[in-house]
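The values are calculated or read from the model by the stated rules, or taken from the named source; none is laboratory data. Just so it is clear, the model here is predicted, and its values are computed rather than measured. Note that we place each Cβ from the backbone using ideal geometry, even for glycine, and neighbour counts take in every protein chain shown. Accessible surface is based on the protein model in full, side chains and every heavy atom, while ligands, DNA and RNA are left aside. Shrake-Rupley method; radii C 1.70, N 1.55, O 1.52, S 1.80 Å.
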Amino acid sequence: MPAKKLARMPPLVFPHAGHAALRRHRVDLPGHVYLVTATTLARQPFFGEFAPTCVAARRHLAPDVCRDSRLLAWVLMPDHGHWLVQVGDGDHLASIMNRIKSATARAYNEEARRTGALWARAYHERLLRGDDDVRGAARYLVANPVRTGLVKRVGDYRSGMRCGWGIGAKAL
């Protein structure tokens, strides 16, 4: 008995493929905290250089970067960064991330005497749903240099890490 031929299905076509499609349905919730991850351009280890990384990290503290949003903690790894961001009223996560990436790239480039893009265009965010989620994300963030083998203890990673608490989350 001859095998039955399956009809060839046309390939699936997604009209809005790529990162733009993911951003299309993002919703920012004021007052909520997000864990955000972004990579450097082509995963280049820019933040392996101590001095320009420190200069870039200090830009996180500038009032023009977060405005009425809050940056609770961050870490700059050699080829990516993690941030805990609490979105303020009237702000949007995409705008916050644009300001963070722009400010850190400008500071880094000036110190390293380079030009051009530093960050990849996209980022990944995860909404954190309570103090327990925020604490877990903060632990993940600050332990990242240890987990990846860059240092033996959290306190040894000085070039691009800062934590600031004040949203009701208890100590780590």
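Structure values in brief
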read-out	value
Filter pass, residue 39 being modelled with pLDDT under 95, under 24 Å from residue 140 (Cα atoms), in contact with a strand residue (DSSP E or B) (Cβ under 8 Å, 6 or more places away or on another chain) and among the hydroxyl-bearing types (Ser, Thr, Tyr)	no
Criterion (of a type in the set (A, V, I, L, M) and surrounded by 20 or more Cβ atoms within 10 Å (Cβ to Cβ)) met by exactly one of 142, 151	142
Residue within the stretch 24-36 that is touching a residue at least 12 places away in the same chain (Cβ under 8 Å), part of a strand (DSSP E or B), open to solvent by less than 30 Å² (accessible area, probe 1.4 Å) and over 26 Å from residue 149 (Cβ atoms) present	yes
Test: residue in the stretch 62-73 that is under 16 Å from the mean Cα position of the chain (by Cα), closer than 21 Å to residue 136 by Cα, surrounded by 14 or more Cβ atoms within 10 Å (Cβ to Cβ) and of a type in the set (D, E, K, R)	yes
Criterion (farther than 16 Å from residue 35 by Cβ, of a type in the set (Val, Ile, Thr) and modelled with pLDDT under 90) met by exactly one of 55, 154	154
Condition check for residue 56: of a type in the set (Gly, Ala, Ser), touching an Asp or Glu at 6+ places or on another chain (Cβ under 8 Å), in contact (Cβ under 8 Å) with a residue 24 or more places away in the chain and within 22 Å of residue 137 (Cβ to Cβ)	yes
Count - residues of the stretch 58-100 that are modelled with pLDDT under 90 and among the β-branched types (Val, Ile, Thr)	0
Test result for residue 103, under 19 Å from residue 55 (Cα atoms) and either open to solvent by 30 Å² or more (accessible area, probe 1.4 Å) or modelled with pLDDT under 95 (or both)	no
Condition check for residue 8: modelled with pLDDT of 95 or more and open to solvent by 80 Å² or more (accessible area, probe 1.4 Å)	no
